[in-house]
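*Asks:* Below: one structure in structure tokens.
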Amino acid sequence: MRVWLFALLLLLPICAQSQELDYQIFRTLPVLEDGRLKPLDSFAVHMRTRISGSATLDDRPAIAWLAQTLFDPAQAAQERVFYIRNAHIRAQFELPSRTNHLYSLTELAPRLEESAKSVTALLTRELASLTADEQDLRDLHTAILIYNQLLQSFSLLLPLPFAAPPEAKLNGAYTYLDAQKVEPKLMQNLQKLLTPKVLAHPETLTPAQQQLAAFVHDLQKLREGGTNNQLLRILPASWAEQKGEWFAPWQLLLSGQGSPTTQRLLELWQQLAQAYRSGDATRWLQASQELHEQMQKLVGTADERLLLEVLLRDLHVLDVTALFLVLAMGLIASHRRWPRAYSASLIAAALSAASLSTVLLVRSYILARPPVGTLHESVLFVALILLLGTLLITVRRRMPGLALAGQVGTLALLLVAPFVHSDSENMTMLSAVLNTNFWLTVHVLCITAGYGACAATAALAHVHLITFKTASDPHGRLALLHRCSLMALLLTAVGTLLGGVWADQSWGRFWGWDPKENGALIIVLWLMWLQHARLAGQVSELAFTAGMAALGVVVAQAWFGVNLLGTGLHSYGFIQGIALGLFSYTLLNLMLIAGLWWRAKRGSHA
Amino acid sequence: MRNLLLLILVLLLGLSIHHFYGRSVPQAPQPQPVSSAPTRAAAPDFPFTTLDGKTYQLSELRGKIVLLNFWASWCAPCKVEFPQFLALAKERKNVVILALSVDHDRQALEKFVADQAELKKLPNVLIAQDKDKAVAQDLFQTIRFPETILIDTQGGLVRKYVGLEVDWSSTAFMGQLDGLANAP
């Protein structure tokens with residue numbers, strides 16, 4: 001399978017060409033980040049998003065940007081990568097106003113030290129107590145810190161920009177590792193020179209002696225810079241005691257974890273750096289291939305996951321899903337003119353569902369865990385259940401309205417998905433509390449399938465409200481709505497109970513009136529109340545339908561709304577920045593339901 | 001519809017029962033069969049010349065446990081552990097201490113060695129100079145000192161010790177070496 005995946009990857013005519021260097025193999029090299037092995041391409045996208053706010057600032061692919069940052073840091077420091085929209089911060093750094101709001105490290109450097117002092121004070125304060133300006137300043141410094149680490153990742157094997165003293169006998173371009181070999185000798189020479197008399201009058205040193213002192217000092221500064229550089233973990237541990245750990249180049253050397261294996265790997269990285277700097281495409285490709293082969297031996301089957309992750313990004317499967325949906329919507333809209341369009345629309349919707357399932361399954365395989373582990377994935381899963389649910393109904397009964405409602409709802413969820421998680425591109429590992437595959441499978445899949453069933457029920461209720469007086473078989477539709485809501489009730493109720501059992505195991509109590517738990521309970525109570533009211537004849541069919549249509553709002557509040565509260569034990573789900581969207585959806589949907597209810601009621605009076 | 005609901009309920013019930021009751025009873029740890037030594041990465045071969053002018057290859061030491069020590073006479077921790085190596089070599093004749101010095105100054109190295117009176121009685125301690133760090137840095141990626149690599153009788157890399165991690169002359173460490181020597 002690995003061979004096929006690799007062949008497919010090499011065939012794709014994508015972003016990989018830049019400066020005539022082929023990044024296709026380079027981008028699949030493994031790196032450990034956020035607790036999992038990922039391809040360098042994903043690391044590049046994640047880093048660029050963290051530093052620049054977006055992975056697609058210009059035509060250059062993120063991997064090419066990363067290569068420049070790692071192998072040509074002097075040039076990279078001139079690149080405009082920091083996105084600074086805040087006018088106060090621009091003023092603080094004396095930056096000119098630009099339409100794209102992008103600035104380079106060189107431009108920021110003159111005011112950086114002064115600004116860092118105020119950031120140090122900010123770091124001691126609670127995030128919630130910071131003003132928007134202070135938060136932006138803190139975020140900018142975090143981005144600078146990350147960028148600096150990347151720039152210095154390979155400073156131990158790139159040519160050094162400062163001149164070596166003659167006694168070092170380092171002719172031509174030399175690296176820290178070359179200089180390191182002679183450093184003890186130079187240190188001894190310097191120690192002999194630095195007598196108390198000379199220390200009292202350093203001006204008595206000759207220019208050659210000053211050069212020696214400066215050189216030793218620069219080497220020490222370089223090493224200090226590398227001491228905490230642990231970002232680019234590309235080197236696997238060789239020794240049994242550190243098994244499973246990965247190291248950044250400086251980290252490996254300074255912690256004494258080097259070995260003949262990692263020595264060879266670092267040599268290949270150095271060859272890559274040299275090929276990049278000289279623009280030698282052939283040498284670049286050779287070094288990439290050899291490095292890939294070496295890493296393949298070390299990571300084994302994980303290599304397959306790395307290739308799949310790159311392919312998943314390249315193939316834009318979510319975009320394909322959305323395209324099929326748009327096609328399905330177009331077809332359903334034209335079914336009156338062209339009768340076959342109804343069937344064609346269902347086929348397009350089925351293809352969309354297959355494509356979305358592929359995304360979820362591949363993500364699940366890559367991360368080696370059940371498919372719903374983050375809020376982002378839960379949105380995708382609910383979208384899938386909504387699409388499948390409405391598709392199942394519309395295959396059995398000809399209901400163009402429901403088909404369209406399901407497709408619109410699915411598309412809306414796909415469009416919303418990137419916004420509920422700022423880091424949705426980056427497949428993150430689970431919080432420790434969630435890392436129980438059994439419960440993640442049983443509880444989370446059950447409750448999110450319940451949310452999907454609720455969404456399908458709400459879609460059906462909307463359609464029923466719209467056609468309340470014109471439907472050919474109103475009783476049949478009402479019975480269908482009743483059955484859909486029962487399915488939603490079953491899944492949400494069982495999911496909630498299973499969540500309680502999991503909470504009992506994890507947190508030592510079944511129920512704690514946590515906002516998330518209350519949200520799930522509210523959905524169950526809402527469904528039960530409507531069902532019982534209907535059975536007892538306490539609500540009209542219209543009110544029952546309107547209540548089911550409002551289920552979408554109830555679910556949205558219980559699913560996203562409670563996450564905005566930022567309290568409770570479900571901290572892994574906390575989000576920010578969606579309040580306005582959620583409020584707008586709630587308001588508009590309630591207004592729509594009220595309008596449809598009023599129209600249906602007026603119709604019934606007429 | 002009713003059948004579908006029933007199916008889902010049965011499935012969920014089954015999963016829950018499996019989770020609560022289907023877990024295997026914790027077993028007492030079973031004694032592991034004595035197996036052959038795990039496959040270890042092979043130490044790269046390299047030539048070295050001892051201070052008395054004899055040239056060897058590392059591969060010539062196969063059949064013996066080798067402690068490849070990277071050190072320097074200007075390195076204080078290296079000096080601390082040197083007597084421990086000598087004590088170990090005295091106790092375990094099947095262990096070779098290969099001490100590669102990264103000293104630039106040959107005289108300083110020779111002076112330090114000359115001060116170790118016991119050294120002459122220990123043929124299993126080999127001292128050589130790795131002046132340009134061609135072995136320490138270019139082969140074993142060692143840039144800080146001391147570092148010691150334990151190599152088994154097959155020439156496989158067992159473990160790396162960074163700094164003063166162990167007392168080489170302790171009975172605990174010698175026990176570990178005996179275990180390694182007796183491993184099939």
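*Asks:* Can you tell me which residue in the stretch A:215-237 is farthest from the other protein chains (Cβ to nearest Cβ), limited to those that are part of a loop (DSSP other than H, G, I, E, B) and open to solvent by less than 50 Å² (accessible area, probe 1.4 Å)?
*Replies:* Step one: list which residues in the stretch A:215-237 are part of a loop (DSSP other than H, G, I, E, B), which gives A:228-232, A:234, A:237.
Filter again for open to solvent by less than 50 Å² (accessible area, probe 1.4 Å), leaving A:229, A:231-232, A:234, A:237.
Working: A:Asn229: 15, A:Leu231: 20, A:Leu232: 17, A:Ile234: 14, A:Ala237: 10 Å.
Across the stretch A:215-237, the extreme among qualifying residues is A:Leu231.
*Asks:* On the basis of being assigned to a helix (DSSP H, G or I) and over 29 Å from A:Leu21 (Cα atoms), does A:Ile89 make the cut? Working first, answer last.
*Replies:* Working: assigned to a helix (DSSP H, G or I): yes; over 29 Å from A:Leu21 (Cα atoms): yes.
When the stated conditions are applied, A:Ile89 passes them.
*Asks:* Now for a separate question. State all residues of the stretch B:79-105 that are outside any loop (DSSP other than H, G, I, E, B) and within 12 Å of another protein chain (Cβ to nearest Cβ); if no residue qualifies, say none.
*Replies:* Quick first cut of the stretch B:79-105, residues outside any loop (DSSP other than H, G, I, E, B) only: B:79-91, B:95-101.
Hit for the stretch B:79-105 is B:Ser101, nothing else.
*Asks:* Please specify each residue of the stretch B:144-168 satisfying the condition of being assigned to a loop (DSSP other than H, G, I, E, B), of a type in the set (A, V, I, L, M, F, W, C) and open to solvent by 10 Å² or more (accessible area, probe 1.4 Å). Don't jump to the end; show me each part of the working.
*Replies:* Our first condition is that a residue be assigned to a loop (DSSP other than H, G, I, E, B); within the stretch B:144-168, this holds for B:144-146, B:152-155, B:163-168.
The next check asks that each one be of a type in the set (A, V, I, L, M, F, W, C); those that pass are B:145, B:164, B:166, B:168.
B:Phe145, B:Leu164, B:Val166, listed by residue number.
*Asks:* Scan the stretch A:158-194 for residues that are among the acidic types (Asp, Glu) and either more than 14 Å from chain B (Cβ to nearest Cβ) or open to solvent by 30 Å² or more (accessible area, probe 1.4 Å) (or both) and jot them down. Reasoning before the result, please.
*Replies:* So the first thing to find is which residues in the stretch A:158-194 are among the acidic types (Asp, Glu), and the list is A:167, A:178, A:183.
Once the filter is applied, which keeps residues that are among the acidic types (Asp, Glu) and either more than 14 Å from chain B (Cβ to nearest Cβ) or open to solvent by 30 Å² or more (accessible area, probe 1.4 Å) (or both), the stretch A:158-194 yields A:Glu167, A:Asp178.
*Asks:* B:Asn69 is checked against (1) more than 27 Å from B:Arg144 (Cα to Cα); (2) modelled with pLDDT of 95 or more and fails just one. What number does that condition carry?
*Replies:* For B:Asn69, the exception is condition (1).
*Asks:* Right, another one. How about the stretch A:248-260: which of its residues are within 30 Å of the chain's Cα centre (by Cα) and either in a loop (DSSP other than H, G, I, E, B) or away from chain B (no Cβ under 11 Å) (or both)? Please lay out each step first, then the result.
*Replies:* Quick first cut of the stretch A:248-260, residues within 30 Å of the chain's Cα centre (by Cα) only: A:248-252.
The answer is A:Ala248, A:Gln251.
One line per residue, one yes/no per condition, for (1) open to solvent by less than 60 Å² (accessible area, probe 1.4 Å); (2) over 27 Å from A:Glu134 (Cβ atoms); (3) out of contact with any Phe, Trp or Tyr (no Cβ under 7 Å at 6 or more places or on another chain); (4) not assigned by TED's automatic domain parsing to the domain that holds A:Ala273:
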{"position": "A:Ser52", "(1), (2), (3), (4)": "yes, no, no, yes"}
{"position": "A:Ile63", "(1), (2), (3), (4)": "yes, yes, no, yes"}
{"position": "A:Ala76", "(1), (2), (3), (4)": "yes, yes, yes, yes"}
{"position": "A:Ala91", "(1), (2), (3), (4)": "no, no, yes, yes"}
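*Asks:* Give the residues of the stretch A:190-248 that are in contact with a strand residue (DSSP E or B) (Cβ under 6 Å, 6 or more places away or on another chain) and not hydrophobic (A, V, I, L, M, F, W, C), sorted by residue number. Give the steps one after another, and end with the answer.
*Replies:* Restricting attention to the stretch A:190-248, the residues satisfying the condition of being in contact with a strand residue (DSSP E or B) (Cβ under 6 Å, 6 or more places away or on another chain) are A:233-236, A:239, A:246-248.
Matches in the stretch A:190-248: A:Arg233, A:Pro236.
*Asks:* For the stretch A:261-280, give me the residue count where each residue is away from chain B (no Cβ under 13 Å) and under 29 Å from the mean Cα position of the chain (by Cα).
*Replies:* Total satisfying the criteria: 3.
*Asks:* From the list B:Ala172, B:Ala181, pick out the single residue that is assigned to a helix (DSSP H, G or I), touching a residue at least 24 places away in the same chain (Cβ under 8 Å), open to solvent by 10 Å² or more (accessible area, probe 1.4 Å) and farther than 13 Å from B:Phe70 by Cβ.
*Replies:* Of B:Ala172, B:Ala181, the one residue that is assigned to a helix (DSSP H, G or I), touching a residue at least 24 places away in the same chain (Cβ under 8 Å), open to solvent by 10 Å² or more (accessible area, probe 1.4 Å) and farther than 13 Å from B:Phe70 by Cβ is B:Ala181.
*Asks:* Among the residues of the stretch B:60-71, are any over 20 Å from B:Arg40 (Cα atoms), part of a helix (DSSP H, G or I) and either within 12 Å of another protein chain (Cβ to nearest Cβ) or not basic (Lys, Arg) (or both)?
*Replies:* No, the stretch B:60-71 contains no residue that is over 20 Å from B:Arg40 (Cα atoms), part of a helix (DSSP H, G or I) and either within 12 Å of another protein chain (Cβ to nearest Cβ) or not basic (Lys, Arg) (or both).
The values are calculated or read from the model by the stated rules, or taken from the named source; none is laboratory data. Small disclaimer: the values here were computed from a predicted structure and weren't measured. Glycine gets a Cβ as well: all are built from the backbone with ideal geometry, and neighbour counts include every protein chain shown. We work out accessible area using only protein heavy atoms, side chains counted, and drop any ligands, DNA or RNA first. Shrake-Rupley method; radii C 1.70, N 1.55, O 1.52, S 1.80 Å.
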